[in-house]
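Engineer: Pasting a structure below so you can have a look.
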Amino acid sequence: MNLQEQIDQVINATSSDPFSVIGSNPIQLNNSDAIAVRVFNPDAKEVYVVRTDTTKKMYQATRLRQEGFFEAIVEKTNVFFPYKLNVVYHDDTSADLYDPYSFGPVLSDYDLHLISEGTHYKKYEKLGAHVTTINGISGVFFAVWAPNALRVSVIGDFNKWDGRRHQMRLRGSFGIWEIFIPELKEGDIYKFEIRGRYGDYLGIKSDPYGFYAEVRPKSASVVYDINKYIWNDEEWLKNRRQRNWLEEPVSTYEVHLGSWRRIPGEDNRWLTYRELTETLIPYVKYLGYTHIQLLPITEHPLDISWGYQPVGYFACTSRYGTPDDFMYFVDKCHENNIGVIMDWVPAHFPRDSHGLSYFDGTALYEHGDPRRGEHKDWGTLIFNYGRNEVSNFLIANALFWLDKYHLDGLRVDAVASMLYLDYSKKQGEWLPNKYGGKENIEAIDLLRRFNEVLHGYHPGILTIAEESTSWPMVSRPTYLGGLGFSLKWNMGWMHDMLLYFQKDPVHRKYHQNSLTFALLYAFTENFVNVFSHDEVVHLKRSMLDKMPGDMWQKFANLRTLYAYMYAQPGKKLLFMGSEFGQWKEWNVDVSLDWHLTDYEPHKKLMDFVRDLNHIYKEERALYEVDFNHQGFEWVDFSDYTNSIVSFIRKAKDSDDFILCVFNFTPVSRTNYRVGVPKGGYYKELLNSDSERYWGSNVGNWGGFHADNVWWQGRPFSLNLQIPPLGAVFMKPFREEVITITPEPVCDVSDTTEQQQTAVDTPQQLEHSQAPTEKPVEAKTEITDKETNSTKETVIKISK
């Protein structure tokens, strides 16, 4: 191809190798070496090449084409030199510009190899738009994967959205296009213009690796320096690496940031990340949750998708602020000992023209066969998990949120749709795998590698699967054949509980199995018991409105349901608004009904959830052995006539246990005997019917001693008052050993030997005999067997 044909390609924006034509290139002129500096600028009237080395020479370029193609030739040299362009425009104004085509390649061959191999897990540091400095010149480096493109350009306000001006360099056979554009800066908006190699395709695409985007309905990417925020959570991250969340309390508040709270007086606008820092974090901390789980905040064009149809996988949505603002939110969560989990969506992506679909004129990110590449029910596309670059894109994306935003975990959406090739498809609408089965082998490999990589880079984080089938070993290690997730949502438990609680109490005795069935498989996975956003939309009604009965019974039922969730093995999750009894279904377009918290029953329900969280975090028996049968023991589930069940939750120390008793009818049960494994005093830790929670105050006087009466196969028993539609948690009181060292208040003539007395409770000291008839003061050391800690106090002892 001769020079004129190459120039035609540049002018017509069809060149796959613009750097070989424009910029600084060696040529032969009259059998001698020379350097040709060529420039394409449609706005230029004149162009001068000005050397920036010590010579400071200037060369006027000759116009070769009326379209704005210029050439300056420097004779008798083959040495490249630094230069700037002095461009004179048709209005006789001028500008000094660095030439993007004077810079060499940026990405290394090793980077390109890892990307093509699918193992460059931090390729977000290479692809996308990066503010950087090259040869002392600041600008932005752009790179994008589009292997089937004929030409790729960066377009934006800086070049009048003209795809002819910044055509990119193709890096060999790797399909990566790159260019460094000097003097661009953070905040510049851009897209990629992609001309397909086949047909007449011309796509205008947002950056798949863009860190920031315009607020919808606009869709351009925005240059952003993702590395400038200064974090203050080193201690949190250090401690997180040592934590075993499977044996710690995990109580999660699920939130959609755009509808948690709004400002009606300001056109019903969302709160910003910074405003949420000042409102959401103190609220979650007050309620006692350990984690916040965010519905997807990756950039998405459609509000009513709730974030589950993302376009910008590497961009936090600009609806609520900048990436630095969201980093500040996460930083402050960690400062307040709250972990942050985000919903992540690798199962599908939308068809929006500026997104990933048909990216370079071919099915690039999606599978080419619609039987593998489409979710017809959702109207979305499915990733081609078997392609190295695509699986690498997803794993790198997951790692990005942990690296750059310090997130503490990802909840993976719609895992079941990834595992099964026939998910939500009729016969003939799907293709079997190479063995003839319906399992998606490539997706399984991706999920396993996802978990291995994330847990390898960030020990102590959580990966959580929303998986609604009986696929085995979802939360078991990959080296045992599992998928490698930390936790799995217990969808079966949630379904059974809601089905049971929505029934009128008079009929519940016929459905006792709904309460007990989940315990048959409770320890096959590391489960999270959830009442999520999916249960309060699409005419399913809010949690409170699901409950049967009058208003009092609705609240009582809901308190008992929440108590049952916290007492059962498994971690916990509750969707926003459910904690205070939202009456309406969740609506993504409006705020929660916060005015309800001004009313007693709603405020007291919130108090109940708060107390549940604090009891849960304080009592090892409720969280330490969640995933082993040794942490749970049925006392009695056979009393279906009265709809009462009782069980024991145990910590690793089997002497540390809590008896949990539930009455699912509106009839209080007096003198109801329940067997317990040991005698002593039992404290009533929780009574869901307390007047503190808007209950009828049927209870057990704060606690009492167990009777030496064999019951339900246990040597002791409690004679309880079981409140209507209520839950009671009873815990044996730990003995305290008190060491008393008497000291005289005044001088005494006789000496007194030190004595030690062991008593059951501190109150018994009132009846202790002093070792002398005279009043003395005693220094006491009280040792708590549970914490193995001591404290010193002074008490008066008299005869």
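The values are calculated or read from the model by the stated rules, or taken from the named source; none is laboratory data. Since the model is a prediction, treat every value here as computed from it, not as a measurement. FYI the Cβ positions are ideal-geometry reconstructions off the backbone, even for glycines, and counts take in every protein chain you see. Just the protein is used for accessible areas: all its heavy atoms, side chains included, with ligands, DNA and RNA removed. Shrake-Rupley method; radii C 1.70, N 1.55, O 1.52, S 1.80 Å.
Engineer: Run the helix sum for the chain: -39,500 (n - 2.57) per DSSP H stretch of 4+ residues, divided by residue count, reported at 222 nm to the nearest 500 deg cm²/dmol.
Structural biologist: Calculated from helices alone, the mean residue ellipticity at 222 nm is -6000 deg cm²/dmol.
Engineer: Let me ask something additional. Separation of segment 176-201 and segment 404-480 by C-alpha centroid, Å?
Structural biologist: 33
Engineer: Subtracting the Cα-Cα distance from 0.36 nm times the residue separation, let me have the gained length for GLN4 to ASP550 in nm, one decimal.
Structural biologist: Using 0.36 nm per residue and subtracting the Cα-Cα distance, I get 188.1 nm.
Engineer: At a 1.4 Å probe, what is the % contribution of carbon and sulfur to the accessible area of segment 246-315?
Structural biologist: Ligands and nucleic acids excluded, carbon and sulfur reach 58 percent.
Engineer: For percent of Cα pairs over 48 Å apart, several values are listed as (i) 19; (ii) 44; (iii) 36; flag the one computed from this structure.
Structural biologist: (iii)
Engineer: Further, regarding this structure: Roughly how many Å² is the accessible area per residue of segment 121-244, as a whole number, for a 1.4 Å probe?
Structural biologist: Working: 5220 Å² over 124 residues.
So segment 121-244 comes to 42 Å² accessible per residue, rounded to a whole number.
Engineer: Also: Compute the Cα gyration tensor for segment 89-189, then decide on rounded, prolate or oblate, letting a ≥ b ≥ c be the square roots of its eigenvalues: rounded whenever a/c is under 1.5, prolate when a/b is larger than b/c in the other cases, and oblate in all that remain.
Structural biologist: Cα axes put segment 89-189 in the prolate bin.
Engineer: Then there is this: On full extension of the chain, what length is gained from GLU633 through HIS495, given 0.36 nm per residue of separation minus the C-alpha to C-alpha distance? Mind showing how you got there, number by number?
Structural biologist: Numbers: separation 138, 0.36 × 138 = 49.68 nm, distance 2.25 nm.
47.4 nm is the gain from fully extending GLU633 to HIS495.
Engineer: Determine the gain in length on full extension of the stretch ALA34-SER468; use 0.36 nm per residue of separation and subtract their C-alpha separation, reporting nm with one decimal.
Structural biologist: Full extension from ALA34 to SER468 adds 149.4 nm.
Engineer: Straight-line reach from LYS652: which lysines fall under 24 Å, measuring Cα to Cα and dropping same-chain residues less than 8 apart?
Structural biologist: Within reach: LYS488, LYS571, LYS572, LYS617, LYS678, LYS683, LYS731, LYS785.
Engineer: Towards the positive end of the charge dipole of segment 238-289, with charges on Cβ (+1 Lys, Arg; -1 Asp, Glu), say which of LEU287, LEU271, LEU246 has the farthest Cα.
Structural biologist: LEU246
Engineer: With +1 on each Lys and Arg Cβ and -1 on each Asp and Glu Cβ, how big is the dipole of the chain about its Cα centre, in debye rounded to the nearest 20?
Structural biologist: Once rounded to the nearest 20, the dipole reads 1400 debye.
Engineer: Provide the FRET efficiency to the nearest 0.05 for the ARG673-HIS614 pair, computing r from the beta carbons and using R0 = 25 Å.
Structural biologist: In this case the efficiency is close to 0.25.
Engineer: Students often check this: by mean Cβ neighbours within 10 Å, which of 600-612, 49-61 ranks highest, and how do the rest follow?
Structural biologist: Packing proxy ranking, top to bottom: 600-612, 49-61.
Engineer: For segment 494-530 and segment 673-731, what is the centre-to-centre distance using only Cα atoms, to the nearest Å?
Structural biologist: So the separation of the two Cα centres works out to 23 Å.
Engineer: Which order, highest average first, do 374-385, 560-571, 523-534 follow once you tally other Cβ atoms within 10 Å for each residue and take the mean per peptide? Could you put the intermediate results ahead of the total?
Structural biologist: Numbers: 374-385: 17.9, 560-571: 23.5, 523-534: 21.8.
The packing order, highest mean first, is 560-571, 523-534, 374-385.
Engineer: Over all directions, what mean area does the Cα convex hull of segment 585-725 project, stated in square nanometres?
Structural biologist: Dividing the Cα hull surface by four gives the mean projection, 10.5 nm².
Engineer: How much area per residue is accessible in segment 625-725 when the probe is 1.4 Å and only protein heavy atoms are counted (Å²)?
Structural biologist: On the way: 4220 Å² over 101 residues.
Solvent-accessible surface per residue comes out at 42 Å².
Engineer: By the scheme Lys and Arg +1, Asp and Glu -1, what is the net charge of all other residues having a beta-carbon under 9 Å from that of VAL415?
Structural biologist: Here the count lands on -2.
Engineer: In segment 62-150, what percent of the accessible surface is made up of carbon and sulfur (1.4 Å probe, ligands and nucleic acids excluded)? It would help to have the intermediate numbers written out before the result.
Structural biologist: On the way: 1990 of 4140 Å².
Of the solvent-accessible surface of segment 62-150, carbon and sulfur hold 48 percent.
Engineer: While we're looking at this one, here's another question. Over all directions, the average projected area of the alpha-carbon convex hull for segment 15-95 comes to how many nm²?
Structural biologist: That works out to 5.8 nm², a quarter of the Cα hull's surface.
Engineer: Express the carbon and sulfur contribution to the solvent-accessible surface of segment 1-41 as a percent, rounded to the nearest whole number, probe 1.4 angstrom.
Structural biologist: Solvent-exposed carbon and sulfur of segment 1-41 make up 41 percent of the total.
Engineer: Round to a whole angstrom and tell me the spacing of the C-alpha centers of segment 316-366 and segment 256-295.
Structural biologist: Taking the Cα centre of segment 256-295 as reference, the centre of segment 316-366 is 18 Å away.
Engineer: Further, regarding this structure: What accessible area per residue comes out for segment 515-568, rounded to a whole number of Å², with a 1.4 Å probe?
Structural biologist: Accessible area per residue: 29 Å².
Engineer: For VAL528, what is the net charge nearby, where nearby means another residue's Cβ is under 10 Å from its Cβ and Lys, Arg count +1, Asp, Glu -1?
Structural biologist: Result for the neighbourhood of VAL528: +1.
Engineer: Which Cα, out of THR14, MET58, ASN31, lies furthest along the positive dipole direction of segment 1-67 (beta carbon charges, K/R +1, D/E -1)?
Structural biologist: Of THR14, MET58, ASN31, it is MET58.
Engineer: Kindly state, to the nearest 0.05, the FRET efficiency for LEU202 paired with ARG351, given R0 = 22 Å and r defined as their beta-carbon distance. Walk me through the intermediate numbers first.
Structural biologist: Working: r = 17 Å, r/R0 = 0.79.
Efficiency, from the Cβ-Cβ distance: 0.80.
Engineer: Just add up the charged neighbours of LYS238: K/R +1, D/E -1, any other residue whose Cβ is under 15 Å from the Cβ of LYS238.
Structural biologist: Numbers: positive: ARG240, ARG241, ARG243; negative: ASP233, GLU234, GLU235, ASP331, GLU335, ASP408.
Once all neighbours under 15 Å are counted, the net charge is -3.
Engineer: Continuing with this model, one more query. P(r) for segment 520-561: what percent of alpha-carbon pairs falls in each 5 Å bin, starting at zero?
Structural biologist: Cα pair-distance distribution for segment 520-561, in percent: 5, 20, 19, 17, 18, 13, 6, 1.
Engineer: Quickly rank 536-543, 502-509 as a protection proxy: mean count of other C-beta atoms within 10 Å, highest first.
Structural biologist: 536-543, 502-509
Engineer: To continue, here is another question. Tabulate in residue order the Karplus-calculated ³J(HN,Hα) for segment 327-341, using 6.51 cos²θ - 1.76 cosθ + 1.60 with θ = phi - 60°, rounded to whole Hz; enter x for Gly and Pro.
Structural biologist: Values per residue, Gly and Pro as x: 4, 4, 4, 5, 4, 6, 4, 5, 4, 9, 6, 10, x, 10, 10 Hz.
Engineer: Here are some pairs, LYS509/LYS546; LYS438/LYS540; LYS238/LYS404; which of them have Cα atoms lying more than 27 Å apart in this structure?
Structural biologist: LYS438/LYS540
Engineer: Hey, another quick one. Quick check for me: using +1 on Lys/Arg Cβ and -1 on Asp/Glu Cβ, what's the dipole size of segment 12-58 about its Cα centre, in debye to the nearest 20?
Structural biologist: With Lys and Arg at +1 and Asp and Glu at -1, about 180 debye.
Engineer: With charges only on Cβ, +1 for K and R and -1 for D and E, what is the dipole size of segment 137-258 about its Cα centre, in debye, rounded to 20? Could the numbers behind the result be given before it?
Structural biologist: Values: 18 positive and 17 negative charges, 132 e Å.
The dipole of segment 137-258 has a size of about 640 debye.
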